[in-house]
RNA sequence: GGAGGGCUCGCAUAGCGGCCGAGUGCACCGGUCUUGAAAACCGGCAAACGAAAGUUUCGUGGGUUCAAAUCCCACGCCCUCCGCCA
């Protein structure tokens, strides 16, 4: 949610941002008009209410005829107050509904355009030249007894899978490595709830355009989260954080659930795009003035993880039209996937500035006062995609797979063997 | 699933429908005293919007009333007991 005051004072900036995203800029003028009415309604209500408060007090003190006369007036006033109150509520709701439609203000650095208009920031590592025909992760997963998509489909439907043997062990190793790295960097490790209430889901912005990708348990009115960003962000919902404790960093490990509606036919093979997976996510509550630096730091940790996995990748600056509504800028790390001859997204970090915190009512307090914090998130490791990258990039001609050095201590060996 | 109890300013508690945005204790901040600290004493101390006046907030939402922390209804959460259970 953008600050209404900011919209009022910088309408052009908001319009430009909306346009940059390819979204409706006319909402800005609707907000301004609605906000004007809202402020008038508030003023009117408050005046009447003040009058009523005074009158009510005098009723208590009065006696006899005087009291009867006062009561007469008070009754009339009460009706007027009630009416002004409902008008005010209506105006407030109307304004809020409009403001909620606006996406976060773009970072001026974000490339403008549609999905394909991203900017490549850098390449790290070189895609390996194979002197044999590389196998894809599905085949390797079978040879290693690591991934079973057929039984996954039998038991849970399409986009489901079993990680077995080496696959399961690899997940544990990845998670352990990620968490130990995060703890070293000062993150508080967290195992959050994955079943959350509507307020958490709504506050983090996942019930908007993204709603169709969210699993909902109707009977109990709870949602399955698509990322631990949701419970991590909502953790401090309605709280005022001590300013001197910022940044507050959490590393959440959780299962993630995604309906993947509207992706029929996309990545149907293997475990690139699945309904359920585990992920270690970084989340930071920080001072708004430091959000940009924090964003760079989170990206740096993502890169360090990929470096440790010895996987070639590139970093892209995601284009305005492809940003989530909460993000003002987003960097994706894309790993090289040999059998697809392409870079594919494995991690992603967004700077949500104060946008998300305002919706969740998360503030910080320091000598300057109480203001909304900035929130940022970034993937440290999303298991299935990392498994794909590791298997495909580190495979040998016979189908065995070399284990990156960083993971070897967690697995007690250097290679995954055939079963 | 069944039966009870509770939800008030960081914590613990008080609170008669108007004198309650709200008392007390602890914690915290500032001061006096002290070589320093403790103790004692004095003062301050919930949040939001607003330039201010003022308005809003006693779990949430609704209702009764001129007036609600206080009465009524619904929901949420917490606790205790019983049942079931990883």
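Where a number appears in this text, it was derived from the coordinates with a stated rule and is not lab data. As the structure is a computational prediction, the values presented were derived from the model and not from experiment. Note: ideal-geometry Cβ built from the backbone for every residue, glycine included; neighbour counts use all protein chains shown.
Some observations on this one:
- Computed label-point distance, nm, for sites residue A:345 and residue A:124 using a 7 Å Cα→Cβ extension: 1.9 nm
- Considering only beta bridges that DSSP places wholly inside chain A, some 90 percent are antiparallel.
- For the pair the range A:209-226 / the range A:369-391, the C-alpha centres are spaced 20 Å from each other.
- Global form of the range A:163-248, assessed from the alpha-carbon gyration tensor, a/c cut-off 1.5: oblate
- Cα long-axis angle, helix A:11-21 against chain A (0 to 90 degrees, to the nearest 10): 30 degrees
- Using alpha-carbon coordinates, inclination of helix A:27-61 to the longest axis of chain A, degrees: 50 degrees
- Highest-first arrangement of A:328-341, A:177-190, A:406-419, A:99-112, where packing means the average Cβ count within 10 Å: A:328-341, A:99-112, A:177-190, A:406-419
- Mean Cα-pair separation over length for the range A:69-172, i.e. relative contact order, pairs under 8 Å, 6 or more apart, %: 13 percent
- Pairwise label distance in nanometres, residue A:115 with residue A:216, each label 7 Å out on the Cα-Cβ vector: 2.5 nm
- GNM flexibility winner over chain A from A:14, A:31, A:59 (Cα, springs under 10 Å): A:59
- Shape call, chain A: gyration tensor on alpha carbons, a/c limit 1.5: prolate
- The gain in end-to-end length when the residue A:12 to residue A:418 segment is fully stretched comes to 140.0 nm, 0.36 nm per residue minus the alpha carbon separation.
- Considering the range A:4-100, its Cα convex hull presents a mean projected area of 6.7 nm².
- Stretch gain in nm, segment residue A:37-residue A:67, where the contour uses 0.36 nm per residue and the Cα spacing is subtracted: 7.2 nm
- Residue-span extension gain [residue A:168 to residue A:185] - 0.36 nm each, minus C-alpha spacing: 3.5 nm
- Summary value for the range A:170-243: 29 percent relative contact order, contacts being C-alpha pairs under 8 angstrom separated by 6+ residues.
- Selected from A:122, A:133, A:281 as most flexible by GNM, with chain A as the system and alpha-carbon contacts under 10 Å: A:133
- The range A:234-298 and the range A:154-195: distance between their alpha carbon centers, rounded to Å: 14 Å
- Degrees, to the nearest 10: A:64-100 long Cα axis against longest axis of chain A: 30 degrees
- The value of relative contact order for chain A, using C-alpha pairs under 8 Å at least six residues apart, is 20 percent.
- Remark: spin-label model distance residue A:150-residue A:263 equals 2.4 nm, labels positioned 7 Å along the Cα→Cβ axis.
- With helices as the sole contributors, chain A gives -13500 deg cm²/dmol at 222 nm; each DSSP H run of n ≥ 4 counts as -39500 (n - 2.57), and the sum is divided by every residue.
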